[in-house]
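Since the structure comes first, as structure tokens, the remarks are kept for the end.
The values are calculated or read from the model by the stated rules, or taken from the named source; none is laboratory data. Note that the coordinates shown come from a computational prediction; the quantities given were computed from them, not determined experimentally. Note: ideal-geometry Cβ built from the backbone for every residue, glycine included; neighbour counts use all protein chains shown. The area values use the complete protein model at the heavy-atom level, side chains included, leaving out ligands, DNA and RNA. Shrake-Rupley method; radii C 1.70, N 1.55, O 1.52, S 1.80 Å.
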Amino acid sequence: PLPYLGQGEYYLEYGTFNVNITVPRDMIVAATGRLQNPGEVLTETQRDRLAEARQSRETVMIIDSTEVGTADTRPSGDGRLTWEYEADRVRDFAWAASQAFIWDAAQAQTGQGTVLAQSFYPKEGLGSSAKKPGWEQSTRFTQHSVEFYSDFVAPYPYPNAINVAGRVGGMEYPQIVFCDVNRRGRSLFRVTDHEFGHAWFPMVVGSDERRWAWMDEGLNTFINRYSTVDYYGGNNRQALQGMSRAITQRFFPSPYSDQPIMTYADHLRRDTGLGFLAYFKPANGLMLLREYVVGPERFDEAFRAYFDRWAYKHPKPADFFRTIENVTGEDLDWFWRSWFYETDVADQAVDSVATGDTTRVTVAQKKDLMLPVTVSLTFEDGSSEQRRIPTEAFFTSDTHTLVLPDRSVQEVQLDPNQLLPDVNRDNNTWTADENGETDRPSNQE
């Protein structure tokens, strides 16, 4: 009964679709599902090229730019053609038809079989130079996304993965997505990769985006970060650093940061509220869990278990939270509450350092998001070490003291790799002055 106001997307049941699409003879159709009558609607040359593409890691042209609009692109005869499709275990159906499609394809591998990655685009989608490639790279991008997520989450379950150049920024449907015809280079990769990430969330794991948009967009944006690093190179922790910095510098000071992630999609503030609360903040939170709180090995096992347990079903937020805790073996209630249900922020600080025969370093959590604390200690003899204070140390007190017998400390630094969305880094470092006396952080509360 929720009214559709334009921000929440679709929440649908699974089924088998049998669809006939009748179009003028000179149109090429792309659609959800497997084409049932290729002998009637495709030329012999097109069928041969598709067979080649199914075996080829390199992109094969099914209809190239010189063939568009010619009689060579359609079977002989008169009258309209009916394209017949069947799709199993899908929650929606989408299609496109055009006289102007360039069409190419290549094989993608899932670890359990192969998928035909395809792109349909007009000549206006072609890139202007090798440095600014356009839709001629789309199938390669699609191939990467299908293969990366098949390994990172679960094997892609459908026979086709189709990218269509259109007028929308990006929109996902089972087996077929639509991306902006004007995107080029890395921008085209990002939208292609994001829309195909939706094949896993919510096309297979059928989350209710009308209520909890983050279960669709946030989980997808999370896996997109790793796909981008894999394709272009880089470091996962650097990606987390960038997201955490953006959270604290761009988003937390904004007016929509006073809404929790759990806010229903159509209740989120307009403009960038949806982008922050449905996409960016939940993705940052999941990266924090994977890279900092839980660790990749345990988190990945739990994340894959969530997909396996809820494929072709309709999970609620508690089902996601419960699965992650169940498989990792860790109580993360404090994180779900602060990050998803509340609007808490983190501010870790060096509260005090007492030197002498025994050094006592007291660390404070000045805000309500109490993430584990990584403490980097540099000693008088030049050696250094890191210690980790778990969140549980702050359950009954906002401070925790590290006791260092027979050690003289020169510097204390919190979150030395700057992985956390700490809203005030000025209180993260303590240093001893030249006389060995303490120099407290200048802006302690």
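Please go through region 368-395 and pick out each residue that is surrounded by fewer than 18 Cβ atoms within 10 Å (Cβ to Cβ), in contact with an Asp or Glu (Cβ under 8 Å, 6 or more places away or on another chain) and in a loop (DSSP other than H, G, I, E, B).
Correct list: D368 only.
Could you give me the residue pairs with C-beta distances under 6 Å whose first residue belongs to region 35-51 and is open to solvent by 90 Å² or more (accessible area, probe 1.4 Å), whose second residue is at pLDDT 95 or above wherever it lies, and which are 6+ apart or on separate chains?
Pairs that qualify, where the first residue is open to solvent by 90 Å² or more (accessible area, probe 1.4 Å) and the partner is at pLDDT 95 or above, are Q36/E84; Q36/E86.
Just name the residue that is modelled with the highest pLDDT out of those in region 184-209 that are of a type in the set (S, T, N, Q) and open to solvent by less than 10 Å² (accessible area, probe 1.4 Å).
Result: T192.
Would you mention how many residues in region 142-167 are under 20 Å from A31 (Cα atoms) and open to solvent by less than 10 Å² (accessible area, probe 1.4 Å)?
Residues flagged as under 20 Å from A31 (Cα atoms) and open to solvent by less than 10 Å² (accessible area, probe 1.4 Å) within region 142-167 amount to 7.
Considering only residues of region 396-423 that are of a type in the set (D, E) and part of a loop (DSSP other than H, G, I, E, B), which is most open to solvent (accessible area, probe 1.4 Å)?
Top of the filtered list is D406.
Taking region 311-345 on its own, how many of its residues are open to solvent by less than 50 Å² (accessible area, probe 1.4 Å), of a type in the set (S, T, N, Q) and touching a helix residue (DSSP H, G or I) at 6+ places or on another chain (Cβ under 7 Å)?
2
So, in region 346-366, of the ones that are part of a loop (DSSP other than H, G, I, E, B) and modelled with pLDDT under 95, which residue ends up surrounded by the most Cβ atoms within 10 Å (Cβ to Cβ)?
Ranking the qualifying residues of region 346-366, first place goes to T355.
Do any residues in region 219-248 that are within 10 Å of A283 (Cα to Cα) have Cβ atoms under 6 Å from those of residues that are open to solvent by 30 Å² or more (accessible area, probe 1.4 Å) and part of a helix (DSSP H, G or I), where the two are at least six apart or on different chains, and which pairs are they?
T221/Y279
If a residue counts only when it is of a type in the set (S, T, N, Q), which helices (runs of 4 or more DSSP H) contained entirely in region 230-322 have at least 2 such residues?
236-246
Going by the structure shown, is T221 among the β-branched types (V, I, T), within 13 Å of the chain's Cα centre (by Cα) and within 15 Å of F120 (Cβ to Cβ)?
The answer is no for T221.
Yes or no: R74 at pLDDT below 95, more than 30 Å from L219 (Cβ to Cβ) and open to solvent by 40 Å² or more (accessible area, probe 1.4 Å)?
Considered against the rule, which asks whether it is at pLDDT below 95, more than 30 Å from L219 (Cβ to Cβ) and open to solvent by 40 Å² or more (accessible area, probe 1.4 Å), R74 comes out as yes.
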